Amino acid sequence: MVVAICPGSFDPVTNGHLDIIQRAAEIFDQVIVAVGKNPEKKPLFTVEERIKFIETAVAHLDNVSVDFFTGLQVDYAKSRKAKVIIKGLRALSDFEVEFQMALTNKKLDPSIETMFMMTGNEYSYLSSSMIKEIVYFGGNPEGLVPPVVLEPLLSKMRKREGNND
C-alpha cells in the first residue's frame, strides 16, 4: 500500500486544493491531508475548523483522511509511513519554493519522494490568500471554495473587517 501526504495550511481549503487531493486519491492507495502549522502565517481559521472543512469536502473519497502536524513535513511523512509528499503547483514561483523544500526533504530522508502536481487550469490563479482578499474587498468566493467553507469564511471576514475600524 502506497501512502502519500498532502501537506499545507489550508486556510481556508480551496477548490484548487481539492483538485490536487482528488487527483492524488486516484493515484495512491491512501492520501493523508496534513494540516500544518506555519509559524510565518496568522491563520483565519483554527486547526479544528480547517480539519472539519476538509473532512466534509473529501467525505466522498474513501481513501482520504485528514490529520494535523507540527514540525517538518518529512518527519510527519515518515511517522505515517508515507512514501510520497504531494505538492500542488500553480506557477513558476511555487516551483522555486517547493523545489528547494523537496531537495531539503530528500537530504533529510532519501526514502521519501516529493511529487509535484499541476493544479487544473481553472484554479491556477487560486490561493487561500487570494480568497481572503476577495472576501475582504467585498467579492464573492462562491465556486472557489467548497460550500462548507463559504458561510464561515464570509462570517469570519466580516468580523475581522469590523475589528479593523
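The values are calculated or read from the model by the stated rules, or taken from the named source; none is laboratory data. Since the model is a prediction, treat every value here as computed from it, not as a measurement. Neighbour counts run over all protein chains shown; Cβ positions are idealised from the backbone, glycine included.
For the range 46-59, state whether one or more residues are in contact with a helix residue (DSSP H, G or I) (Cβ under 9 Å, 6 or more places away or on another chain), crowded, with 16+ Cβ neighbours inside 10 Å and among the β-branched types (V, I, T). Yes, some residue in the range 46-59 is in contact with a helix residue (DSSP H, G or I) (Cβ under 9 Å, 6 or more places away or on another chain), crowded, with 16+ Cβ neighbours inside 10 Å and among the β-branched types (V, I, T). Selection of the range 3-44 for residues being touching an Asp or Glu at 6+ places or on another chain (Cβ under 8 Å) and at pLDDT below 95 yields K41, P43, L44. Report whether or not K132 is out of contact with any Phe, Trp or Tyr (no Cβ under 6 Å at 6 or more places or on another chain), assigned to a helix (DSSP H, G or I), of a type in the set (K, R) and closer than 20 Å to I51 by Cβ. It is true that K132 is out of contact with any Phe, Trp or Tyr (no Cβ under 6 Å at 6 or more places or on another chain), assigned to a helix (DSSP H, G or I), of a type in the set (K, R) and closer than 20 Å to I51 by Cβ. Name the residue, out of S128, S93, that is within 21 Å of the chain's Cα centre (by Cα), exposed (fewer than 12 other Cβ atoms within 10 Å of the Cβ) and among the hydroxyl-bearing types (S, T, Y). From the options S128, S93, the qualifying one is S93. Is there a residue being within 12 Å of the chain's Cα centre (by Cα), assigned to a strand (DSSP E or B) and within 20 Å of T119 (Cα to Cα) anywhere in the range 9-28? No - not one qualifying residue is present in the range 9-28.
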